[in-house]
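Notes to accompany the following structure.
All of the numbers you see were taken from the coordinates with simple rules; none came from a lab. As the structure is a prediction and not an experimental result, all values here were calculated from the model. When we count neighbours, we look across all protein chains shown, and the Cβ atoms used for this are built from the backbone with ideal geometry, even at glycine.
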């Protein structure tokens with residue numbers, strides 16, 4: 001190695017906290033034999049910066065920041081193929097959900113689109129208790145690239161013509177249907 | 001057979017035709033179905049990423065409502081993501097008493113509690129195993145012979161928590177389709193991923209996944225699916241998928257109960273083919 005690594009204490013401290021949160025997952029990953037079945041089974045592996053197997057190796061080695069910054073976790077579509085095929089029985093897809101949660105919590109998500117997608121969905125869910133597809137997509141495109149919505153215009157108009165899109169006025173004031181449940185969950189998570 | 005019906009959010013919007021045809025087919029088969037009162041979103045694949053506890057509490061809220069509605073009825077889900085969330089939550093709560101206690105502390109603000117007694121079922125499981133091909137065949141008024149159908153299961157219908165089918169090579173639809181008189185087009189993408197939300201967040205990756213499935217199904221007259229997310233991706237994105245495939249893809253995508261309803265001779269108001277993006281003009 002010709003490049004020297006500057007040791008950043010803040011980053012290391014943050015890493016320690018991260019390692020703590022990932023301890024149960026890392027314990028399970030000790031079983032991994034690096035056979036690569038996860039990578040071979042993944043439908044979006046070709047678009048990833050770390051293949052699934054490389055990612056698990058980095059988690060084993062404690063290189064968690066790098067994993068949380070990767071595109072890989074946001075390209076997982078939760079198809080559970082690696083999960084059911086893992087010959088060591090490691091719940092891989094569930095572990096990716098944990099990695100996404102940690103990345104989102106720390107605001108270090110590689111993908112602005114994915115983070116916006118989760119936030120918009122969660123907001124609409126909390127507000128109305130049920131998904132409102134049109135408001136969710138509007139919130140998503142406003143938070144990402146409003147112009148990219150144009151690429152969906154033709155599809156949107158067809159869906160509107162077929163009655164597949166339900167237009168409802170947003171209700172932005174007053175208590176949301178699941179506000180209290182969301183608040184209680186946040187409180188309980190704080191206590192843990 | 002009596003069920004508590006959990007429609008899930010998509011059934012009130014984009015996939016209304018799935019709800020309508022499901023209820024019509026179950027009524028024709030003699031099932032008693034009651035919608036779960038006051039149901040809310042199961043959290044989809046989003047809640048557990050926002051907060052791991054929320055990802056268990058949101059499905060548990062609906063399971064608690066189902067437990068209170070009583071009668072020992074199974075909770076019937078038609079969306080594979082809702083189904084997976086209920087299965088996942090029941091599994092996690094059964095294995096972890098502390099988590100169960102925490103979840104109940106949260107549900108307390110809604111005046112609810114969950115004891116873990118509700119069984120969640122997928123529509124495909126109910127059709128294949130509670131009713132089965134013989135009961136379905138008995139209701140067929142117009143056999144769909146001459147129609148070639150490509151079954152498509154998607155991921156979360158059978159992965160990872162399916163107690164009723166093989167998680168990698170599912171076969172539950174075969175006997176049902178045979179009962180309708182169709183020819184079945186078997187293909188290697190029957191349980192591949194449709195791309196789910198990647199079609200929105202990473203379209204360059206997601207559209208390829210949908211295109212691969214559409215191409216594998218091309219020799220058939222139509223695709224049948226049992227998941228509203230899969231349906232949305234396969235039916236609405238065929239223009240974009242055609243660009244990836246390099247040729248025009250044009251194949252109707254039906255929900256399984258729509259195809260069953262067609263064979264039962266149910267009226268179009270129960271099937272709502274007019275809502276499809278790719279027009280359904282088969283065997284009618």
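Being away from chain A (no Cβ under 13 Å), touching a helix residue (DSSP H, G or I) at 6+ places or on another chain (Cβ under 8 Å), surrounded by 20 or more Cβ atoms within 10 Å (Cβ to Cβ) and within 21 Å of residue A:162 (Cα to Cα) holds for only one residue in B:256, B:199, and it is B:256. Comparison of A:51, A:72 shows that the only residue that is free of Cβ contacts under 8 Å to residues at least 40 places away in the same chain and surrounded by fewer than 19 Cβ atoms within 10 Å (Cβ to Cβ) is A:51. Report yes if some residue within segment B:20-27 is more than 30 Å from residue B:104 (Cα to Cα), more than 8 Å from every other protein chain (Cβ to nearest Cβ) and more than 17 Å from the chain's Cα centre (by Cα); otherwise report no. Yes.
For the structure I just gave you, tell me whether residue B:200 is closer than 29 Å to residue A:142 by Cβ and either assigned to a helix (DSSP H, G or I) or in contact with a strand residue (DSSP E or B) (Cβ under 6 Å, 6 or more places away or on another chain) (or both). Yes, satisfied.
Scanning segment B:28-59 for residues that are out of contact with any strand residue (DSSP E or B) (no Cβ under 7 Å at 6 or more places or on another chain), more than 30 Å from residue A:111 (Cα to Cα) and within 14 Å of chain A (Cβ to nearest Cβ) turns up B:37, B:38.
Within segment A:62-76, the set of residues being assigned to a loop (DSSP other than H, G, I, E, B) and at negative phi comprises A:63, A:69, A:70, A:71, A:76.
The rows are residues; the columns are (1) touching a residue at least 60 places away in the same chain (Cβ under 8 Å); (2) touching a helix residue (DSSP H, G or I) at 6+ places or on another chain (Cβ under 9 Å).
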| residue | (1), (2) |
| --- | --- |
| B:98 | no, no |
| B:109 | no, yes |
| B:113 | no, yes |
| B:126 | yes, yes |
| B:134 | no, yes |
| B:137 | no, yes |
| B:170 | no, yes |
| B:191 | no, yes |
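Being in contact with a helix residue (DSSP H, G or I) (Cβ under 9 Å, 6 or more places away or on another chain), surrounded by 20 or more Cβ atoms within 10 Å (Cβ to Cβ) and within 14 Å of chain A (Cβ to nearest Cβ) is a property that residue B:176 lacks. Among the residues of segment B:122-153, those that are surrounded by 22 or more Cβ atoms within 10 Å (Cβ to Cβ) and part of a strand (DSSP E or B) comprise B:122, B:149, B:150, B:151, B:152.
Reported count of residues in segment B:238-253, each being part of a loop (DSSP other than H, G, I, E, B) and either crowded, with 24+ Cβ neighbours inside 10 Å or touching a strand residue (DSSP E or B) at 6+ places or on another chain (Cβ under 9 Å) (or both), is 2.
For segment B:167-184, the set of residues classified as over 16 Å from the mean Cα position of the chain (by Cα) and in a loop (DSSP other than H, G, I, E, B) consists of B:168, B:169, B:181, B:182, listed by residue number. For segment A:77-192, the helices (runs of 4 or more DSSP H) that sit wholly inside it and include 2 or more residues that are within 7 Å of another protein chain (Cβ to nearest Cβ) and free of Cβ contacts under 8 Å to residues at least 24 places away in the same chain are A:81-85, A:92-105, A:112-128, A:153-161, A:179-191. Does any residue of segment A:31-39 turn out to be over 16 Å from the mean Cα position of the chain (by Cα), under 24 Å from residue B:201 (Cβ atoms), within 14 Å of chain B (Cβ to nearest Cβ) and not in a loop (DSSP other than H, G, I, E, B)? The answer is yes, given that some residue of segment A:31-39 is over 16 Å from the mean Cα position of the chain (by Cα), under 24 Å from residue B:201 (Cβ atoms), within 14 Å of chain B (Cβ to nearest Cβ) and not in a loop (DSSP other than H, G, I, E, B).
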